[in-house]
Amino acid sequence: MKLITFNREGITTIGAIVSEEVVDLHLAYKKSLEAEGKIRAQEIANAFIPSEMTGFLQGGKESMELAKGAIDFALTNRVVDGSKLVHALSEVKVEAPVPKPGKIFAVGHNYREHILEMGREIPKYPVVFAKFANTLVGPQDDIPFHPISEQLDYEAEFAFVIGKRAKNVSEEEALDYVAGYAVANDVTYRDFQRRTLQWLQGKTVDGSLPMGPWMVTSDELRDPQTLEMVLTVNGEERQRTNTANQVFSVKHLVSFLSTIATLEPGDIVITGTPGGVIQAMEPQVWLKDGDVVRVEIEKVGVLENTVRAVKGE
């Protein structure tokens, strides 16, 4: 499945993309229960397929299977009691797949070519920092360029989302804890990042983590270490790699991070960027208002956002 969070007529809920259409998963499941004569249909729907993505992921494989049934019901019964269960993609606003994660882990220095261009050594352990939910924007949003800096950079990233609670997980079972995968762009204010030894202030500016265009569930992507990833700016290729080039694989990162913190459903991990960032270029031509940044990851999707200067700050 391709899972999304979307907004329509001021209401935000979760959905699934099917052939350029959006199935309202919460409403479809509720209506399917009512069709079965369930008296507490609303309460059951709230428990198993709630309208918020983190709550849905907490339901684990059971909720995933029920969602597949809800999709089938919606495609057969597109309007029930005057309520549309299926919308054209053009009729909705697609948000970041998980708008309110409990944690966002980011991994630095995880592609050999990027490590070499930055003049660093291959790390023995994952280099980990944090981003926060305020950074998240969706596939239809602009990248806000706040006037605190002139050094705005991109970082194409392969992201994964945790699907069930994980603590001290082995690498052998690690992928069982992944709900799905998405495309991300770790937008970075480079001068803020370099002001101190800690990178946090350059990485947590509002709107600095575009993510989407959906979350591909892990049952449809069995091997996350074979995927081509390309970033372009205004059509010019800047970054290209394959996830096979990661120093620390998705399996390793799930296992490693679960020894540090208990991972919860909805937690996001962005797994690092390859070579080709602006910071390593000569001359350095930073992102500017109007630039279109496009990140494509094989079998996952395309994330394209436009940089927009924020006025009046």
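The values are calculated or read from the model by the stated rules, or taken from the named source; none is laboratory data. Owing to the predicted nature of the structure, the values given are computational and were not obtained by experimental measurement. Backbone-built Cβ (ideal geometry, glycine too); neighbour counts: all protein chains shown. Ligands, DNA and RNA are stripped out before the accessible areas are found, and what is left, the full protein with its side chains, is counted by its heavy atoms. Shrake-Rupley method; radii C 1.70, N 1.55, O 1.52, S 1.80 Å.
Considering every residue within the range 153-169, establish whether at least one is among the acidic types (Asp, Glu), open to solvent by less than 30 Å² (accessible area, probe 1.4 Å) and over 12 Å from the mean Cα position of the chain (by Cα).
Applying the first criterion (among the acidic types (Asp, Glu)) to the range 153-169 yields 153, 155, 157.
Restricting the remaining residues to those that are open to solvent by less than 30 Å² (accessible area, probe 1.4 Å) gives 153, 155, 157.
Keeping just the survivors that are over 12 Å from the mean Cα position of the chain (by Cα) gives 153, 155.
Yes, the conditions are met somewhere in the range 153-169.
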Checklist entry - With respect to residue 12, is the statement that it is open to solvent by 40 Å² or more (accessible area, probe 1.4 Å), in contact (Cβ under 8 Å) with a residue 60 or more places away in the chain and either outside the structural domain of residue 76 (by the TED database) or under 24 Å from the mean Cα position of the chain (by Cα) (or both) true? => result yes
Checklist outcome for this item: Within the range 75-116, residues open to solvent by 70 Å² or more (accessible area, probe 1.4 Å), modelled with pLDDT under 90 and under 24 Å from residue 303 (Cβ atoms) come out as 112
Checklist entry - Would you say residue 226 is on the phi < 0 side of the Ramachandran plot and over 13 Å from the mean Cα position of the chain (by Cα)? => result yes
Next on the checklist: Any residue that is under 25 Å from residue 127 (Cα atoms), out of contact with any helix residue (DSSP H, G or I) (no Cβ under 6 Å at 6 or more places or on another chain) and of a type in the set (Asp, Glu) - is there at least one of those in the range 251-272?
Outcome noted: yes
Checklist entry - Are any residues in the range 78-87 in contact with a strand residue (DSSP E or B) (Cβ under 9 Å, 6 or more places away or on another chain), touching a residue at least 40 places away in the same chain (Cβ under 8 Å) and not in a strand (DSSP E or B), and if so, which ones? => result 85
Item to check | When residues of the range 54-67 are limited to those that are open to solvent by 20 Å² or more (accessible area, probe 1.4 Å) and within 14 Å of residue 218 (Cβ to Cβ), the one farthest from the chain's Cα centre (by Cα) | outcome: 65
Checklist entry - Right, residue 28: open to solvent by 40 Å² or more (accessible area, probe 1.4 Å), of a type in the set (Gly, Ala, Ser) and either within 23 Å of residue 160 (Cβ to Cβ) or out of contact with any Lys or Arg (no Cβ under 8 Å at 6 or more places or on another chain) (or both) or not? => result no
